[in-house]
Amino acid sequence: IVGDEGFVIGVDITPIKDFSESNVQTIVGDMRSPVTLRKIMKLLPEKADVVISDAAQNVSGVWEVDHACQIELAQRALEIALQTLQPSG
């Protein structure tokens, strides 16, 4: 799916199964951490065309807490996208 010229970075807080393709890299990290963003920036060969996030926290069952956590993750995904996307991305 990536093709010979594409590049994909996957980030998850838990270990991700490695891919055999050299242009697919994975990072174990918390997207809320500046360390994880530095790792992403180090791996990116150039600014990204696309950023996709499906981040979700473990649900506590307390709507107010879960909602606040989900908003925090969405805001962080936007911050990462703004720092890693090329202008037309």
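Only helical DSSP H runs with n ≥ 4 go in: add -39500 (n - 2.57) per run for the chain, normalise by residue count and round the 222 nm mean residue ellipticity to 500 deg cm²/dmol. Numbers along the way, then the final one.
Working: 2 runs with 32 residues, N = 89.
Rounded to the nearest 500, the figure is -12000 deg cm²/dmol.
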Say the dipole of the chain comes from +1 at the beta carbon of Lys and Arg and -1 at that of Asp and Glu; which of A77, P34, P87 then lies farthest toward its positive end?
-> P34
Angle in degrees between helix 63-84 and the longest Cα principal axis of the chain, rounded to the nearest 10 = 20 degrees
Tell me, how many Å apart are the Cα centres for segment 67-88 and for segment 33-55?
-> 11 Å
Using Cα pairs closer than 8 Å and at least 6 residues apart in sequence, work out the relative contact order for segment 8-67, in percent.
-> 25 percent
Long-range amide H contacts for G10: which residues qualify at under 5 Å (H placed 1.01 Å from N, peptide plane, sequence gap of 5 or more or a different chain)?
-> Q25, T26, I27
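Given that compact globular proteins tend to follow 2.2 N^0.38 Å, what is the ratio of the alpha-carbon Rg of segment 8-84 to that value? Mind dumping the intermediate values first?
Details: Rg = 13.5 Å, N = 77, 2.2 N^0.38 = 11.5 Å.
Cα Rg divided by the expected 2.2 N^0.38 Å: 1.18.
Rule-based calculations on the coordinates, nothing more; no lab input. The structure displayed is predicted, hence computed values, not measured ones. For neighbour counting, all protein chains shown are included, and Cβ atoms are generated from backbone atoms with ideal geometry for every residue, glycine included.
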